[in-house]
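Peer 1: Sharing a structure below in structure tokens format, with a few things to ask.
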Amino acid sequence: MPMSEYLRTLRAKVGNDLLLMPSVTVIARDDEGRVLLVRHIDTGQWVAPGGAVEPDERPAEAARREMREETGLEVELDAIVGVFGGPEFEVRYENGDRCAYVMAVYEARVTGGSPRPDGEETVAFRWVPESEWANLDVAPWMRVVMPEVFAR
């Protein structure tokens, strides 16, 4: 999705300076315990679906919205894996914008929809078993989150 009006307004005031951003990520598993990952259009890296929480949006609502936007799937959230942040969660975008994400990670079950990449943020999706995720080109934050996911 394009930059939200809220973020556009902030960027007009602070330029490319670092912004601390609340965000969500959804860990959806299939019946075999594999995790759904999407390939990000900008970096080509594999990540779990997710994104920023908008003003007045509850994190759980943001998680369901991001999953629907990026994958076409509807989910029911089961539990929070954890809340993460730190240097691995900082991103510098091509335009120079810097964001440090504080990420609430939810486990979820797919309840509907047809999987498909959105073509704006994601270009592919795949179900990945624990034995394979570490061999993929993943975003740095995935190396912090995924061990927690598979430890559950």
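FYI, it's all coordinate maths here, none of it is from the lab. Worth saying up front: this structure is predicted, and the values here are computed from it rather than measured. Virtual Cβ from ideal backbone geometry, glycine too; neighbours counted across all protein chains shown.
Peer 1: Tell me which residues come under 5 Å, amide H to amide H, from TRP141 once H is placed; ignore anything under 5 positions away on its chain.
Peer 2: Long-range HN contacts for TRP141: none found.
Peer 1: Tell me whether the chain comes out rounded, prolate or oblate; compute the Cα gyration tensor, take square roots of the eigenvalues as a ≥ b ≥ c, and use a/c under 1.5 as the rounded threshold.
Peer 2: It is prolate, given that a/c is not under 1.5 and a/b is the larger ratio.
Peer 1: Okay, moving on. Expressed as an acute angle from 0 to 90° and rounded to the nearest 10, what is the orientation of the C-alpha long axis of helix 142-151 relative to the principal long axis of the chain?
Peer 2: 30
Peer 1: What are the GluC sites (Glu not before Pro) within the range 118-152 that DSSP puts in a loop, where the Cβ has at most 16 other Cβ atoms within 10 Å?
Peer 2: Working: sites: GLU120, GLU121, GLU130, GLU132, GLU148; in loops: GLU120, GLU121.
In loop regions of the range 118-152 (DSSP not H, G, I, E or B), the sparsely surrounded GluC sites (Glu not before Pro) are GLU120.
Peer 1: Let me ask something else. For the range 23-79, run through the GluC sites (Glu not before Pro) and keep only the ones in DSSP coil with at most 11 other Cβ atoms within 10 Å of their Cβ. Working shown, then result.
Peer 2: Values: sites: GLU32, GLU57, GLU61, GLU66, GLU69, GLU70, GLU74, GLU76; in loops: GLU32, GLU57.
Answer by residue number: GLU32.
Peer 1: Given a Förster distance of 35 angstrom, what is the FRET efficiency for ALA151 paired with ASP56, based on the Cβ-Cβ distance and rounded to 0.05?
Peer 2: According to the calculation, E is roughly 0.55.
Peer 1: What does the charge add up to near PHE125, with Lys and Arg as +1, Asp and Glu as -1, over the other residues with Cβ less than 12 Å from its Cβ?
Peer 2: Values: positive: ARG34, ARG39, ARG116, ARG126; negative: ASP30, GLU70, ASP118, GLU121.
That sum, taken over residues with Cβ under 12 Å, equals 0.
Peer 1: Can you give the net charge of the other residues whose Cβ lies under 15 Å from the Cβ of GLY82, counting K and R as +1 and D and E as -1? Write out the running numbers ahead of the final one.
Peer 2: Values: positive: ARG143, ARG152; negative: ASP78, GLU88, GLU107, GLU148.
Value of the local net charge: -2.
Peer 1: Also: With θ set to phi - 60° and the Karplus curve 6.51 cos²θ - 1.76 cosθ + 1.60, what are the ³J(HN,Hα) couplings of the range 76-83 in order, to the nearest whole Hz, using x for Gly and Pro?
Peer 2: Taking θ as phi minus 60°, the curve returns 10, 7, 9, 7, 9, 5, x, 10 Hz for the range 76-83.
Peer 1: Still on this structure, please answer the following. Only Cα pairs under 8 Å and at least 6 apart count here; give the relative contact order of the chain as a rounded whole percent.
Peer 2: 32
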